[in-house]
Every structure is written in C-alpha cells, then in structure tokens.
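First the structure, in the form of structure tokens, and then the observations on it.
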Amino acid sequence: MKIYTRITCLLLIASLKSAAQLTTLKSNIETLCKTKRATVGVALYDFETGDTLSIHGDEHLPMQSVFKFHIALTVLNEVDKGRFSLDQKILITKGDLLPETWSPIRDEHPQGNVKLSLTEILSATVSKSDNNGCDILLRLLGGPTVVNDYIQHVGIKNCSIQISEEEMAKTWDAQFRNWTTPKAATELLKMVYDRKFLSQDNYNLIWKMMIETSTGPKRLKKGVPSNAVIAHKTGTSGTKEGITAAINDIGIVKFSNGKSFAISVFVCNSKETMETNEQIIADIAKLASNYFSK
C-alpha cells in the first residue's frame with residue numbers, strides 16, 4: 001500500500017511539473033507575440049505525452065496555401081479507393097497555367113500541352129506550393145467542396161474550404177473563405193501522423209512531400225534544430241494597405257531522440273514586415289522545440 005501511494009505521489013508530482021512547464025511555454029509564446037501587430041494563432045501537440053497548448057486556438061484564420069495539404073490528403077484518399085492512380089498522366093494545357101500566380105509547373109512548361117503524372121502534380125503542389133497544380137487537382141477532384149466534405153468526414157469540423165487559388169486571387173476578401181482554426185490544423189496533422197486514414201504507402205508519400213517543402217525556409221524550419229526532421233506546409237498571402245492577411249506554417253517535428261510534436265502557427269492580419277512575420281513563426285518553433293525535445 002505504501003509503495004502504491006509513493007508511486008501515485010511521484011506521478012502526481014511529475015504531472016504537476018509538466019503542467020507548470022507547459023504553462024511557462026505558453027507564457028513565453030504570449031510574451032513573444034504581445035508586442036507584434038498581428039493575430040498569432042498557435043496550437044501544439046506532444047505525441048509522447050499528449051500535452052496540448054493553444055493560443056487563439058479556436059479562431060477562424062485564413063489558410064492560404066496550407067489548404068494544399070488538405071487537398072493532397074483528399075486526392076490520396078481517392079487513390080486508396082482506386083478512383084485515381086499515382087501513375088496516371090494528366091494533360092496540362094496552356095490554359096491551365098495561369099500567368100500571374102506562383103507556379104513552378106508553368107515556369108518549367110510555359111507552353112503547356114504536357115502530360116504529368118498525378119504524383120508529379122501532387123509533389124509540385126505540396127512541396128513547391130504550385131498554385132496552378134493546386135487548381136488542376138481541385139478540378140480533378142470535382143471542386144473545393146469535395147475537399148471540404150472529406151476533411152469534415154474524417155472529423156475535422158472547424159475548417160472550411162470553399163474556393164480555389166484562382167478564386168482567392170480575385171478579391172482580397174475571398175481568401176478568408178478558406179479558413180481553419182489552429183487547433184483543427186494540428187488535429188489533422190496528428191490524425192495523419194497516427195495513420196488514422198490513408199494507406200501506409202500514401203502516408204509515406206505525403207510525409208516525403210512535406211519534408212521536401214521548399215517554401216518558407218525562414219519559418220518553422222528555421223526554428224527547429226538542424227538535426228530534426230520537419231514535414232510541413234506553408235501558406236502566404238499578399239499585402240494590402242500595409243496588412244498581410246496570412247503568413248502560416250503547419251507541420252510535424254521529429255527529433256533525433258525519437259520525440260516528436262505537431263505545430264501550427266498562423267500569423268494573420270499583420271502590420272509587420274514579412275521578415276518579422278516569418279521570425280515570429282521561427283521563434284515560436286524554437287520555444288516549442290526546446291520544450292518538446294527534452
């Protein structure tokens with residue numbers, strides 16, 4: 001009985017210590033953000049302990065290209081169901097390649113009329129954040145509503161995907177129709193990491209594509225240790241009248257000691273410079289890494 005009581009006390013002390021340290025982490029992040037002229041939404045999840053932390057975690061914040069992660073998951077689900085094949089070739093015409101948007105596919109094939117595999121388009125969309133690739137995938141699926149319905153189906157309710165990249169670019173207000181909460185973004189990362197859906201092969205593929213993300217190198221990637229593995233997806237808006245709607249990054253960090261955590265950071269409606277917005281994300285990632293790696 002005495003041994004049982006001692007063990008219980010030790011577990012309680014450890015739990016209280018962990019809670020106190022998590023509170024300190026939250027306080028440090030809040031201190032970092034309070035002087036910034038922006039809304040900063042954060043949600044963290046520790047895969048080892050189940051610890052969670054959020055700041056503005058329930059706010060509806062614009063995703064920008066973060067929604068390409070959701071689109072890729074929907075496509076890969078259709079691959080698992082046999083509707084699509086990763087090897088299938090898709091004809092990309094010149095009309096598919098809008099000129100005034102970010103598009104490595106267009107830069108490589110300016111005249112279009114090229115057949116790329118579904119894997120190639122997915123990779124360009126996730127790893128390079130290709131806007132034309134994104135909308136090609138949406139047309140293949142049947143539109144944004146298909147993505148929205150799938151994400152809702154797997155259990156992520158606080159998320160709305162209503163329009164394409166082309167539609168988002170038409171007006172400033174349009175981008176706010178594609179939103180998520182930081183908590184919902186991190187929950188989706190957690191579900192993917194825990195293999196709640198997707199086959200093992202397609203899980204490996206999305207993981208590889210996110211590790212190969214080349215956008216936003218000064219955001220989450222800058223804030224984590226150089227020997228850590230980070231699989232992530234960024235999102236970036238334009239600026240109007242000195243306000244940037246969204247500078248985002250969500251991902252999963254794996255440390256060399258085997259520990260890992262999920263992180264979503266959304267810097268929204270910011271009056272700061274791009275450099276400052278990205279540094280906010282990097283600094284939060286560093287604080288989180290220092291906590292979750294121990």
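The values are calculated or read from the model by the stated rules, or taken from the named source; none is laboratory data. None of the values given here were measured: they were computed from a predicted structure. Note that we place each Cβ from the backbone using ideal geometry, even for glycine, and neighbour counts take in every protein chain shown. The area values use the complete protein model at the heavy-atom level, side chains included, leaving out ligands, DNA and RNA. Shrake-Rupley method; radii C 1.70, N 1.55, O 1.52, S 1.80 Å.
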* In what order, largest first, do ASP87, ASP249 sit by accessible area if the probe radius is 1.4 Å? -> ASP87, ASP249
* Solvent exposure ordering (accessible area, 1.4 Å, most first) of GLU275, GLU78 -> GLU275, GLU78
* Asked: In the full protein assembly as shown, how much of ARG219 is accessible to a 1.4 Å probe, in Å² to the nearest 10?
  -> 10 Å²
* To do: Within the stretch 163-217, list the GluC sites (Glu not before Pro) lying in a DSSP loop whose Cβ has at most 15 other Cβ atoms in a 10 Å radius.
  => GLU212
* Size of the stretch 177-230 as Cα extents on the principal axes (Å, biggest first) -> 31, 30, 18
* Structure fact -> Scoring the chain by relative contact order with C-alpha pairs under 8 Å, at least six apart, yields a percentage of 24 percent
* In nm², what is the average projected area of the convex hull enclosing the Cα atoms of the stretch 123-167? -> 3.3 nm²
* For the Cα atoms of the chain, what angle does the longest principal axis make with the long axis of helix 2-34, in degrees from 0 to 90, nearest 10? -> 50 degrees
* Taking Cα centroids, how far is the stretch 222-250 from the stretch 177-200 in Å? -> 17 Å
* To do: For the stretch 54-199, just run the numbers: alpha carbon Rg, then divide by 2.2 N^0.38 Å, N being how many residues it has.
  => 1.04
* **Selected from THR236, THR180, THR35 as most flexible by GNM, with the chain as the system and alpha-carbon contacts under 10 Å** => THR35
* Asked: Compactness ratio of the stretch 60-127: Cα Rg over 2.2 N^0.38 Å, N = residue count?
  -> 1.20
* Provide the convex hull volume over Cα atoms per residue for the stretch 35-94, in Å³. => 188 Å³
* Sequence ranges 146-152, 18-24, ranked by mean other-Cβ count within 10 angstrom, highest first -> 146-152, 18-24
* **Accessible surface of the stretch 137-181 [probe 1.4 Å, protein heavy atoms]: carbon and sulfur percent** => 48 percent
* Asked: How big is the Cα convex hull of the stretch 211-272 in projection, averaged over all directions, in nm²?
  -> 4.2 nm²
* **Pairwise FRET efficiency - ALA19 versus LYS157, Cβ, R0 = 41 Å, nearest 0.05** => 0.90
* Structure fact -> Rounded to the nearest whole number, the Stokes-Einstein translational diffusion coefficient of the stretch 141-253 at 25 °C and 0.890 mPa s (Kirkwood radius, C-alpha pairs) in µm²/s is 157 µm²/s
* Once fully extended, how much extra length lies between LEU98 and ASP58, figured as 0.36 nm per residue of separation less the alpha-carbon to alpha-carbon distance? -> 11.0 nm
* Potential lengthening between LYS196 and ASN269 on full extension [0.36 nm per residue; Cα-Cα distance subtracted] -> 23.0 nm
* Of ALA231, ALA174, ALA245, the one that fluctuates the most in a GNM where the chain has Cα springs shorter than 10 Å -> ALA174
* 5 Å-binned pair-distance histogram of the chain (Cα, whole percent) -> 1, 5, 12, 16, 18, 16, 12, 8, 5, 3, 2, 1, 1, 0, 0, 0
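For ARG37 and ASP149, what is the calculated FRET efficiency with R₀ set at 41 Å and r taken between the beta-carbons, to the nearest 0.05?
On the way: r = 37 Å, r/R0 = 0.89.
My answer for the efficiency is 0.65.
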* Structure fact -> Under a Gaussian network model of the chain whose springs join Cα atoms within less than 10 Å, the largest fluctuation of VAL154, VAL40, VAL75 belongs to VAL154
* To do: Subtract the Cα-Cα distance of THR119 and VAL229 from 0.36 nm times their separation in residues, and report this length gain in nm to one decimal.
  => 37.4 nm
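Counting other C-beta atoms within 10 Å, and keeping those with at most 12, which DSSP coil GluC sites (Glu not before Pro) do you find in the stretch 86-156?
GLU100
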* Take ALA174, project a point 7 Å from its Cα along the Cβ direction, then tell me which residues of the stretch 237-275 have their backbone nitrogen under 17 Å from it. => 237-240, 245-246
* **Probe 1.4 Å, accessible area per residue of the chain, Å²** => 47 Å²
